[in-house]
Amino acid sequence: MTTAQHDPRPLFRGALEWAGDLFAGVRAEQLTDPTPCPQFDVRALLGHLASTIDRGRVVGEGGDVHTVPECLSSPGDEWSSTLDDVTKRYWEVWSNDALLDTPVTAPWGTFPGRAAVLVSLNEVLVHGWDLAAATGQNTEADPQLAQAAYEVMQRVLPATPREGLPFGPVVDPAPDAGPTERLANWCGRVTAPWMHRA
């Protein structure tokens with residue numbers, strides 16, 4: 001069993017720290033810019049990322065994720081504060097070691113808690129890449145945590161078939177792509193010509 005499978009929470013902490021840097025780096029004039037997620041502009045993507053973390057908390061509590069909107073709002077566009085709030089609430093639940101082996105239920109099934117953390121890890125890294133690509137920030141998280149997430153997703157998310165899954169076809173990575181970009185490509189993300197690639 002790999003470290004990520006045994007306890008993926010340290011990896012997720014690292015992903016959240018990276019997300020915090022990205023949130024802080026978004027400029028006000030970028031909030032209505034497009035992102036690699038065609039349904040989200042930058043503001044909506046910030047709200048979706050925050051929602052992903054809060055929905056992870058609800059899964060750990062045994063609640064219904066649909067009680068959390070797909071995109072959270074942030075009065076005054078204080079997105080760093082919003083991220084801090086949802087992150088604090090997340091760890092109030094997931095600091096409990098017993099949850100890693102406790103069956104939890106999400107819309108996609110019932111599985112051990114550690115798998116729920118891995119799902120949240122992938123969501124934050126891929127949407128973090130989306131946010132970084134759209135706002136001209138460094139698109140690579142810590143290589144070790146991104147590589148660990150990439151290897152997990154290659155095992156659990158098949159290249160085909162993907163019908164009915166919220167992932168596009170695998171995109172061939174650029175020769176110089178780092179592990180975060182390769183993870184995003186595996187999940188179907190394409191870097192459009194107008195986007196930044198750091």
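The values are calculated or read from the model by the stated rules, or taken from the named source; none is laboratory data. Computed from a predicted structure; not experimentally measured. Note: ideal-geometry Cβ built from the backbone for every residue, glycine included; neighbour counts use all protein chains shown. The area values use the complete protein model at the heavy-atom level, side chains included, leaving out ligands, DNA and RNA. Shrake-Rupley method; radii C 1.70, N 1.55, O 1.52, S 1.80 Å.
The mean of 1/r over all distinct Cα pairs in the chain, once inverted, gives the Kirkwood hydrodynamic radius of 16.9 Å. Considering only Arg89, Arg27, Arg57, the Gaussian network model of the chain with Cα springs below 10 Å gives its largest mean-square fluctuation to Arg27. Taking a span of 30 Å or more along the helix axis (Cα atoms) and a mean Kyte-Doolittle hydropathy of at least 0.5 as the rule, the DSSP H helices of the chain that qualify are 113-135. Label positions at Arg89 and Thr32, each projected 7 Å from the Cα along the C-beta direction, are separated by 2.9 nm. Basic side chains Lys and Arg get +1 at the Cβ, acidic Asp and Glu get -1 at the Cβ, and with that the dipole of the stretch 31-93 about its Cα centre reaches some 120 debye. Of all accessible surface on the stretch 49-198 at a 1.4 Å probe, what whole percent is carbon and sulfur? Reported share for carbon and sulfur atoms: 54 percent. For the stretch 134-173 and the stretch 1-73, what is the centre-to-centre distance using only Cα atoms, to the nearest Å? First find each Cα centre; the distance between them is then 15 Å. Can you work out the PRE-style zone for Glu17? Point 7 Å along Cα to Cβ, and I want the residues of the stretch 125-141 with backbone N under 18 Å. So the set is 125-126, 128-129, 138-141.
So what's the convex hull volume per residue for the Cα atoms of the stretch 1-109, in Å³?
Per-residue hull volume (Cα only) is 119 Å³.
Annotation: peptides 28-40, 127-139, ranked by per-residue average of other Cβ atoms within 10 Å with the highest first, follow the order 127-139, 28-40.
Per residue, the chain exposes 48 Å² of solvent-accessible protein surface, assessed with a 1.4 angstrom probe and all protein chains in place. In the elastic network of the chain, a GNM with C-alpha springs shorter than 10 Å, the most mobile of Val126, Val171, Val42 is Val171.
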